[in-house]
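Student: Input: one structure, supplied below.
Nothing in this text is a laboratory measurement; each read-out follows from the coordinates by a stated rule. Every value quoted in this text rests on a predicted model; they were computed, and no experiment measured them. Here the Cβ is made from the backbone with ideal geometry for all residues, glycine too, and neighbour counts use every protein chain on show.
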Amino acid sequence: MSEAMLLSPSTDETAALSSYSSKETPQLLDLDTTMALADTLLHHAKCRDAIERDRRVTFFRGKEVRKCFRNANDSVEDIGHSLLAHGFIHKSRRIKAPPSTKAPTTSTYPHLDIDEADQTFTDDGVYTWMYEGSSIWRHIASLSFFGVLCMGVLYPVWPAWGQKMLWDSGVTVGLAIAAMLVVRFITWLIVWLATGNHMWVLPQFPVLRPTYTVSNSKQTTTASRMYRVGVAVIVVGIALMMWHHPPACSLSAKKGCMSVGRKLVKQAYRGTLLQRFSQEEKNFAMTMLRVLRRLF
């Protein structure tokens, strides 16, 4: 066997080398395909907020790309490389919070900086979004806002049925939010009295996800039990008082919280709810609101 044959690679080795080279070099996808992938990733990837060069940004881990595109025709490396090459994202690195001359804050946002030396895609890399998504919905939202604003300015010249419909819609939305807050508080109170943990339904309302969150109490077992027993005694006392001495509904012989509630709802839809209160009571309520506003 000649020396040239010994030194020259075989056909199988050449194919293996070419296959290895093709795997190592990610392919660049076209701009439209990359934009569609970016829209999907923007809405489905688990993102977090951070501070990068004195501005608030949104970042994600490279492994989120693999989770979102498990069955994609293109490889994860090709998708990540295309997102970087077309400027939808850039690679960042974690840094310590820079010293600030301002008053210290309790912000828990991590601090990032652009990784100038390495702009490649890896599963454990940190990538910051520069793409904000399609602008069509933002334009529609802006036009809708100006439309609603113009309609609100022209509210006095609306027909009577339009004003009545708007009023009823506002009262319905307000009652729905109030009912949700009451259910949320009752659920928290029951769970806290029973276990000492804090359970919140729809903690990021009006966002519907997550549905609920549960956090453990930071107090000791003995202190938490004493607080819960005290609150339970107060709640039971109020319930017994309302049971034996139900509030009377004005302009009606019926008694009970349900009768009062139905009367208040009817007056709210009629627009006469505030007429139940005297001017002194209204002034007292406004004073309390001003005090709470200054405190909180």
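Student: Could you calculate the FRET efficiency of Leu175 with Val214 from 1/(1 + (r/R0)^6), where r is the beta carbon distance between them and R0 is 41 Å, rounded to 0.05?
Tutor: Details: r = 28 Å, r/R0 = 0.68.
The calculated FRET efficiency here is 0.90.
Student: On to the next question. Enumerate the calculated ³J(HN,Hα) couplings along the range 204-211 in order (Karplus 6.51 cos²θ - 1.76 cosθ + 1.60, θ = phi - 60°), each rounded to whole Hz, writing x wherever the residue is Gly or Pro.
Tutor: Taking θ as phi minus 60°, the curve returns 10, 4, x, 6, 8, 10, x, 5 Hz for the range 204-211.
Student: Oh, and also: Can you list the residues, at least 5 places off or on another chain, whose amide H is less than 5 Å from the amide H of Ser92, using H built in the peptide plane?
Tutor: Under 5 Å from the amide H of Ser92: Asp115, Val126, Tyr127, Thr128.
Student: Please go through the residue pairs Lys63/Lys96; Lys63/Lys91; Lys46/Lys96; Lys67/Lys96 and name each one whose alpha carbons sit more than 18 Å apart in this structure. The partial results should precede the final answer.
Tutor: Details: Lys63/Lys96 23 Å; Lys63/Lys91 13 Å; Lys46/Lys96 23 Å; Lys67/Lys96 29 Å.
Long pairs (Cα-Cα over 18 Å): Lys63/Lys96; Lys46/Lys96; Lys67/Lys96.
Student: Once you sort the root eigenvalues of the Cα gyration tensor of the range 159-240 as a ≥ b ≥ c, which label holds: rounded (a/c under 1.5), prolate (a/b larger than b/c) or oblate (the other case)? Before the final figure, lay out each step's value.
Tutor: Details: a/c = 5.51, a/b = 2.07, b/c = 2.67.
It is oblate, given that a/c is not under 1.5 and a/b is not larger than b/c.
Student: Order the peptides 31-37, 208-214, 257-263 from the highest to the lowest mean number of other Cβ atoms within 10 Å of their residues.
Tutor: Numbers: 31-37: 15.9, 208-214: 9.9, 257-263: 14.1.
The packing order, highest mean first, is 31-37, 257-263, 208-214.
Student: At a 10 angstrom cut-off on C-beta neighbours, averaged per residue, how do the peptides 283-289, 79-85 rank from highest to lowest? Before the final figure, lay out each step's value.
Tutor: Details: 283-289: 10.6, 79-85: 21.9.
The packing order, highest mean first, is 79-85, 283-289.
Student: Please report the spacing between the Cα centers of the range 263-294 and the range 55-85 in Å, no decimals.
Tutor: 54 Å
Student: In terms of modelled amide H atoms, which long-range or inter-chain residues lie less than 5 Å from the amide H of Thr122?
Tutor: none
Student: Still on this model: Pop out the ³J(HN,Hα) list for the range 164-175 in order, Karplus 6.51 cos²θ - 1.76 cosθ + 1.60 with θ = phi - 60°, rounded to Hz; leave Gly and Pro as x.
Tutor: Once rounded to whole Hz, the list reads 5, 5, 5, 5, 4, 5, x, 5, 5, 5, x, 5.
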